[in-house]
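Structure first, commentary second.
Coordinate-derived values only; no laboratory data. Values in this document were obtained by computation on a predicted structure and should not be read as measured data. A quick note on method: Cβ atoms are made from the backbone with ideal geometry, for glycine too, and the neighbour counts reach across all protein chains shown.
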Amino acid sequence: KGLGGQKHQRASQIPSQFSQGERVAMKEALKGAIHIPTVSFGPKELNTTALAEFGEYIRSVFPTVFKTSFVQHEVIGEYSHLFTVQGSDPSLQPYMLLAHSDVVPAPDEGWEVPPFSGLERDGFIHGRGTLDNKNSVMAILQALELLLLRNYIPRRSFFIALGHDEEISGHNGAQKIAALLQARGVQLAFIVDEGNFILDGFIPNLKKPFAIIAVTEKGAINLMLQVNTTPGHSSAPPKETSIGILAAAVSRLEQTPMPNMFGSGLLKTTLQELAHEFPFPTNIILSNLWLFGPLVSRLIERNYITNALVRTTTALTMFNAGVKVNVIPPVAQAIINFRVDPAQTVQEVLELVKNIVADNRVQFQVLSAFDPLPVSPSDHQALGYQLLRQTIRSVFPEVNIVAPGVCIGNTDSRHYANLTTGIYRFNPLYLNPQSFRSIHGINEKISVRAYETQVKFIFEFVQNADTDQEPVPHLHEL
Ligand SMILES: CC/C=C\C/C=C\C/C=C\C/C=C\C/C=C\C/C=C\CCC(=O)N[C@@H](Cc1ccccc1)C(=O)O
Ligand SMILES: [Zn+2]
Ligand SMILES: [Zn+2]
């Protein structure tokens, strides 16, 4: 079952141990990064001053990365960064690590600690970007800095791509980097980006954490619904207004969930891999999904987070209408954000939407849309997946289960689909429901310990990518 039948050969690894001074420096570097408000506000509204400052900042805290002769640095799309780390063995196909430096807005309200303070309190570094995704930007560069300081020369080349506009679709960052690499004829063995985590406490009855590596991500549709009616005096209103017609249409969409795709999805495989971690009788139920599938899928859809794993979701995100208190509104507009299940296409979802709305006074306009991403391999030959699995086993020995899954959000990695068939979305961090809600929410924070572990993970991962691989068997196969 070896990877390509290669002979197992483990070069001596540099131990992933960091001195007290290095550990202080790495957390201080993250705090400084959080302090720079690199906010993406809207489609074309970015804090470019902060993004420029961030570029200077990484130069100052990772001097070795910037002065090493075999590390090439390029700025793309003004604020994104592409590093090419030239390995010593050109016969090995390069891989790529992705992260993004922009963050979503964070008004002060509701935060225990100001969101751009980067303050340390009770063993946590607080602030916007501590989980999404400056932790990854900084941990990748930090791990490389530490490897270079130990005179590590990689065998396998790799790229580090740090987008600056992921939170507003990545068109000027990731998309431009991908186009540049494609023009240069680069093909990648695999990509690792943000996405899933080591999940803890998401499933009732399952006390143990489990790592989910996302091998696909959902598609997305931003759909505008519009109703136009004749304006007039509010003292003599018509039976239905544009607002009423549109509100009824969006309400029908909200009340009519898209079909449950549990039967045809990757989630079945994920649950089968998790089955033996559950106590009786859940273990039996999950091992016999041919029989209990309908029951399990109903339980999964009851929770709003796990519901996103079984169907295309429908989120009413914007609603605009009305010009004055006493004017019948001539136009009402709503925007609906759908996340398309990997077992469906954009076209299929749009057909369903039209049938649910079933009102020809409602006009549709697709603002943007893309299909779900292809499923990357997770078999024994899949280099990227197996390297992640091996590194998870080494850095998180308490995690028994590593399983493939779906990323419910979208990542910059989707722009690189032409460069590789292996896209893996995984953050080497524990995530519980509370920390999940803090992403794009309030009180986002990372423990100092978790951040150090993330650096350690990348430090080991880069070295693991340089050894010929033999996959570790599943624990239950032992
Ligand atoms: C058996 C069960 C398996 C798993 C179980 C349980 C629950 C799953 C729990 C949590 C999910 C874990 C992680 C998901 C966390 C975040 C989503 C990941 C990445 C999203 C990044 C992001 O926010 N991207 C934006 C990008 C975007 C911006 C603007 C326009 C388009 C896209 C997004 O998706 O909105
Ligand atoms: Zn992110
Ligand atoms: Zn985000």
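Checking H171 against (1) more than 15 Å from ligand 1 (Cβ to nearest atom); (2) out of contact with any helix residue (DSSP H, G or I) (no Cβ under 8 Å at 6 or more places or on another chain); (3) within 29 Å of I423 (Cα to Cα), which single condition isn't satisfied?
(1)
Pairs only if they're at least six apart or on different chains, beta carbon under 7 angstrom, first in the stretch 391-412 and closer than 14 Å to T270 by Cα and of a type outside the set (A, V, I, L, M), second within 14 Å of ligand 1 (Cβ to nearest atom) and in a helix (DSSP H, G or I); list them, first residue then second.
Here the result reads N400/E277; P404/T269; P404/T270; G405/T270, each pair linking the stretch 391-412 to a residue that is within 14 Å of ligand 1 (Cβ to nearest atom) and in a helix (DSSP H, G or I).
Return a yes/no flag: does the stretch 144-162 have any residue that is crowded, with 23+ Cβ neighbours inside 10 Å and within 16 Å of ligand 3 (Cβ to nearest atom).
There is at least one residue in the stretch 144-162 that is crowded, with 23+ Cβ neighbours inside 10 Å and within 16 Å of ligand 3 (Cβ to nearest atom).
Only one of F262, F202, F197 is of a type in the set (F, W, Y), under 24 Å from the mean Cα position of the chain (by Cα) and within 16 Å of ligand 3 (Cβ to nearest atom). Can you tell me which?
F197
Name the residue that is farthest from ligand 3 (Cβ to nearest atom), counting only residues in the stretch 176-194 that are without any contact (Cβ under 8 Å) to a residue 24 or more places away in the chain and not in a loop (DSSP other than H, G, I, E, B).
Filtering first and then ranking leaves A183.
Report the residue count in the stretch 327-342 for those that are surrounded by fewer than 19 Cβ atoms within 10 Å (Cβ to Cβ) and more than 18 Å from V250 (Cβ to Cβ).
Summing the residues that are surrounded by fewer than 19 Cβ atoms within 10 Å (Cβ to Cβ) and more than 18 Å from V250 (Cβ to Cβ) in the stretch 327-342 gives 2.
Check F190, F197 and return the single one that is aromatic (F, W, Y) and over 30 Å from I336 (Cα atoms).
F190
Could you check T345 against (1) under 30 Å from S235 (Cβ atoms); (2) surrounded by 15 or more Cβ atoms within 10 Å (Cβ to Cβ) and say which number it fails?
(1)
If you check S438 against the conditions, is it in contact (Cβ under 8 Å) with a residue 24 or more places away in the chain and within 16 Å of ligand 3 (Cβ to nearest atom)?
So S438 fits the description; yes.
List pairs: first residue in the stretch 123-136 and among the aromatic types (F, W, Y), second residue away from ligand 3 (no atom under 16 Å from the Cβ) anywhere in the structure, Cβ distance under 6 angstrom, at least six positions apart or on different chains.
If the second residue must be away from ligand 3 (no atom under 16 Å from the Cβ), the pairs left are F124/S447.
Return the residue satisfying two criteria in turn: it lies in the stretch 374-414 and is under 13 Å from the mean Cα position of the chain (by Cα) and of a type outside the set (G, A, S), and of such residues it is farthest from ligand 2 (Cβ to nearest atom).
Going through the qualifying residues, I end up with V406.
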